[in-house]
Structure formats: C-alpha cells, structure tokens
Ligand code: NAD
C-alpha cells in the first residue's frame, strides 16, 4: 500500500493513521486542502476489507470535499475521516473519544461531522474531547426547532439545481407537469419529492425499502417503480438520491431523461461518464454542486444560523450551475470537467 504514489493522493496536505489499542480504534484522517480554511468532512465508520480500501475511500472523499466547499463559496477546505470497523458491533464511547482525541491533536485543521456509520450522538461524544466538531444539535438549533440534520437543506439545494437544469435544458421557468424519477426516497429524496410535488412535478420513485416508496405514493401520488428500472423511466429528470456509481456502462444507454440532477455523492461510476452523458445530449448537474446544501447548512450552524441567509446561500447553487452549464455549452465541454476546473481555480490558484 502506497500513500504518496496512491492514484487518489492528489497532493493531500496530511494523511494521519490513528490507533488507540485500548478501545480498538483504527482510523484514517485525510486533509486534502486547508487553503480556504479548516478542512471539514464527515467521519465514516465502515467494515473495510482492508486498510488499502479505507485509504482509497478517505482520499477520494476528502478530495471531493475540497471541490464541494470551493464551489459552494465556503471558507473551508476538504477533509474526511474513516474508522475501520462495523458501526453496529465495534462502536463504543471509548472508541469515539479516542477518535475525538486524534482530531483534537490536529489543532483544528480538520473539523469532523457525521457521515454514514456515525450520527449526531457520536459526534456529541467526540465533542467531550475536541472542539473541532460540527453538525451538533446545540442550544441555538434547538431553540429554532431545528435538529441539526442537514437533509432539508440538501433537498432544497437539489430542488434549486433541478429548476436550473430544467430551465437550461427545456427553457422552462416552472416545474408544473415536469416528470422526475427519484432513486432513493430517504432523508433527502423524500423531502425532495415533497418540494417537487408542491411545484406541480409528477413523480416516479424507487427505493429498496418499500415503506419509503409507499409513503411517496400516498402523499404525492408518485408512481412506484422497481429499483432496477428507475433510471430508465420516460421522464425529463433523473434524480439519483441513494448511492454512488449509478451512471455507469449499464445504465447510461438506458437513460431517457435529458437531465441528471440528484443529491447522491459520486454518481458517475467513472470520470469519462461525464463526457459520455454529454455525447448522449444529457445535461448532467455535477453532484457535488447539487448536494452542497448539507455543508452550506453545517457552515451556517457553526457561524450563527440565519434562515434567510441560508436560503440565499442555497439559491446560489442555481447561479453556480447556470455558469457551469453556460460555460460547458459555449466551450463544448462536459459539465463535470467544467465544474472541476472552476473549483480548482478557487482552491488551487
Ligand atoms: P438515506 O440513507 O436517508 O436515504 C437513502 C435511501 O436510498 C434509503 O431510503 C435507501 O433505502 C435507499 N436505497 C439504497 N439503495 C438503493 C437502491 N439501490 N435503489 C433505490 N434506493 C436505494 O440517505 P440520505 O441522507 O437521504 O442521502 C442520500 C444520498 O445523498 C447519499 O448518497 C448521500 O451521500 C447524499 N448526500 C446526503 C446529504 C444529506 O444532507 N443527508 C448531503 C450530501 C449528500
């Protein structure tokens, strides 16, 4: 296993291997860039097959956070951490405190948030030993009746992205009657469905958890679709809101939507699927621009929450996407490549 020569190393500033024998903690913390500010990113806990898999994951995720923060206009860099282990079996307060001590030792260069396998309660345990945490339900958040969960902001940002893409692809200013297929109606996808329904869109939904689908059928008159067929519906917009890698060699030829815009991270199975979408005439809204609502919300939670300022910040996702779509069209380039270049100009001038 190499680090400096790893294909995803991409000039990371710091990669820390953190071990605590008494709690059994084995973790990696990757700081890709602190050029714009402290790096911020979630702590994922996952039973990786080996250390090499954990390293690849943390490097990719941490790098992605730099791009996301840069185009969201946030004064922060990209970082991420992973704990090697099964969250159901191996997680303990001692292990979380040990993780917190490792984060504290970095002196604020990395700020931790929740991710898959960790939750707000876990971050609260870490906050007993480090100040460098975010996404907590603090007194201010409770006073405004909010939970600290960024999903509503992510869903609203995704709605803004879909509106922008529909305007660009179809020249339409509203979503009345626009057909949208949502893959995954969990925390973000369900809220997105509600927002789209309120704007008159027609919905097709799929989820591996059938009660989540039933809820959308009842509440929004959505059409239930098998998980294996959601990407292939005759709709204007395909909104991946479940998992990564959903635009791939198998699904791409079956896409009927002219817009792909959803909240899931790492939607393209390979980087060249960006130009493959372009070649098919599909407008791809780069995932990390679309789903930046989560980190935008967390940023405002850390700096003093003003709902109107958050809303205005989320609306700027639309402006950023408009710039990307226009530049891509003018230069004949794929949208993902244009977004990457714009982000790098911000954090790597
Ligand atoms: P979630 O776990 O609440 O929802 C995901 C849903 O997808 C679940 O209902 C799950 O049953 C379903 N699902 C899993 N596999 C599926 C499949 N093969 N086909 C269809 N449905 C499937 O997660 P979430 O918080 O809603 O996040 C959704 C996506 O958005 C994830 O990729 C996440 O990384 C990304 N994201 C979320 C946020 C946020 O604020 N929550 C922010 C940025 C990005």
**Q.** Anisotropy class of the stretch 169-283 from Cα gyration tensor, a/c 1.5 cut
**A.** oblate
Q) If we count other beta carbons within 10 Å of each Cβ, what is the order of 46, 238, 17, fewest first? A) 17, 46, 238
Q | Radius of gyration and maximum dimension Dmax of the stretch 223-284, Cα, Å | A | 10.6, 32
Q: Can you tell me which of 177-184, 312-319 comes out highest on packing, and rank the rest after it, using the mean Cβ neighbours within 10 Å?
A: 177-184, 312-319
Q.
Modelling each spin label as a point 7 Å along the Cα-to-Cβ direction, I'd like the residue 270/residue 341 distance in nm, to one decimal.
A. 2.3
Q: Any chance you could check the Cα centroid distance between the stretch 283-349 and the stretch 85-113 for me, in angstrom?
A: 29
(Q) Can you give me the distance in nm between label points at residue 199 and residue 333, each placed 7 Å from the Cα along the Cα-to-Cβ direction? (A) 2.7
Q. Which percent of Cα pairs goes in each bin when the distances of the chain are cut into 10 angstrom slices starting at zero?
A. 6, 25, 34, 26, 9, 1, 0
(Q) Suppose R0 equals 30 Å. What FRET efficiency, 1/(1 + (r/R0)^6) with r the Cβ-Cβ distance, do residue 51 and residue 209 give to the nearest 0.05? (A) 0.40
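Can you tell me the relative contact order of the chain? Whole percent, Cα pairs under 8 Å, sequence separation 6 or more. Walk me through the numbers on the way to the answer.
Values: 725 pairs, mean separation 52.6, N = 349.
Normalised by residue count, the contact order of the chain is 15 percent.
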Q: With everything on Cα atoms, drop me the angle between helix 93-105 and the longest principal axis of the chain, reported from 0 to 90° to the nearest 10.
A: 90
Q. Using the Cα gyration tensor of the stretch 191-349, with a ≥ b ≥ c the square roots of its eigenvalues, what is the shape: rounded (a/c below 1.5), prolate (a/b larger than b/c) or oblate (neither)?
A. oblate
**Q.** Beta bridges per DSSP with both ends in the chain, % antiparallel, nearest 5
**A.** 30
Q | Length gained when the stretch residue 315-residue 348 is fully extended (0.36 nm per residue, less Cα-Cα span) | A | 9.4 nm
Q: Round to the nearest 10 and give me the degree value, 0 to 90, for the angle of helix 335-347's Cα axis relative to the longest principal axis of the chain.
A: 40
**Q.** Projected label distance in nm at residue 254 and residue 119, using a 7 Å step from Cα toward the beta-carbon
**A.** 3.3
(Q) Helix-only mean residue ellipticity at 222 nm, the chain, DSSP H runs n ≥ 4 weighted -39,500 (n - 2.57), per residue, nearest 500. What is it? (A) -13500 deg cm²/dmol
(Q) Using only the alpha-carbon atoms, how far is helix 293-303 inclined from the longest principal axis of the chain? Give it as 0 to 90 degrees, nearest 10. (A) 50
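Every read-out reported here was derived from the displayed coordinates using simple, explicitly stated rules and does not represent laboratory data. Please read all numbers here as calculations on a predicted model, not as lab measurements. In this analysis, Cβ positions are derived from the backbone assuming ideal geometry, glycine residues included, and neighbour counts consider all displayed protein chains.
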